[in-house]
Every structure is written in C-alpha cells, then in structure tokens.
Amino acid sequence: MEMRSGEMRGDKTLGVRLKRIRESRGMSQRELAAAMGNHCTDKNISQYESGSRSMDTDTLFSLAEVLCVTPNELEERIDVH
C-alpha cells in the first residue's frame, strides 16, 4: 500500500500492533513519546493504541523509526521480533 505524506492512518489493528511492539521494546507510552521528540505526546500514543486517534503518514514513519521496525510492520501482519 502506497502512502502519501499527510495521509491519515488509524485503526484498532494498527494500535494493537503499536502497543505490542512498544511493550516488546520495554518502553512506556511516555518513553516512546519522549523518543519522538515534539512529534507527539504520551496521550497521543495512548489514543493511537486504542484506535481513537488517527495518525498521519509522517507519524507512522517516525514511530517505525523509533521502534526499529518498518512502517509496513506496524500496519500489516508482518511478524516483528
């Protein structure tokens, strides 16, 4: 799936995968938000994980970079170690 900058991404599956990957890295929501810099807050991370907030493509790519996964690993059912 091709994504364009600014495109919104949000669904419960993405949030569940984000939470699982974050926890597997031993990070709290606050720690992940801090690693993102001014890009988002721990409240944003909570909302992404619950599926109550959509993220734009730039956020998806930033989260993937911080978590050392590809954006596809966050979005799709690709096994993440």
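Any residue in segment 34-58 that is in contact (Cβ under 8 Å) with a residue 24 or more places away in the chain sitting within a Cβ distance under 7 Å of a residue that is among the β-branched types (Val, Ile, Thr)? List the pairs, counting only those 6 or more apart or interchain. What qualifies is ALA35/VAL66; MET36/VAL66. Where helices (runs of 4 or more DSSP H) fall entirely within segment 40-81, none has at least 3 residues that are among the charged types (D, E, K, R) and modelled with pLDDT of 95 or more. Summed over segment 18-43, the residues that are in contact with a helix residue (DSSP H, G or I) (Cβ under 7 Å, 6 or more places away or on another chain), surrounded by 14 or more Cβ atoms within 10 Å (Cβ to Cβ) and not charged (D, E, K, R) give a count of 9.
Within segment 48-67, if we keep just the residues that are in contact with a Ser or Thr (Cβ under 9 Å, 6 or more places away or on another chain) and of a type in the set (S, T, N, Q), the residue that is most open to solvent (accessible area, probe 1.4 Å) turns out to be SER52.
The values are calculated or read from the model by the stated rules, or taken from the named source; none is laboratory data. All of these numbers come straight from a predicted model, not from anything done at the bench. Cβ atoms come from the backbone with ideal geometry, glycine included; neighbour counts cover every protein chain shown. Just the protein is used for accessible areas: all its heavy atoms, side chains included, with ligands, DNA and RNA removed. Shrake-Rupley method; radii C 1.70, N 1.55, O 1.52, S 1.80 Å.
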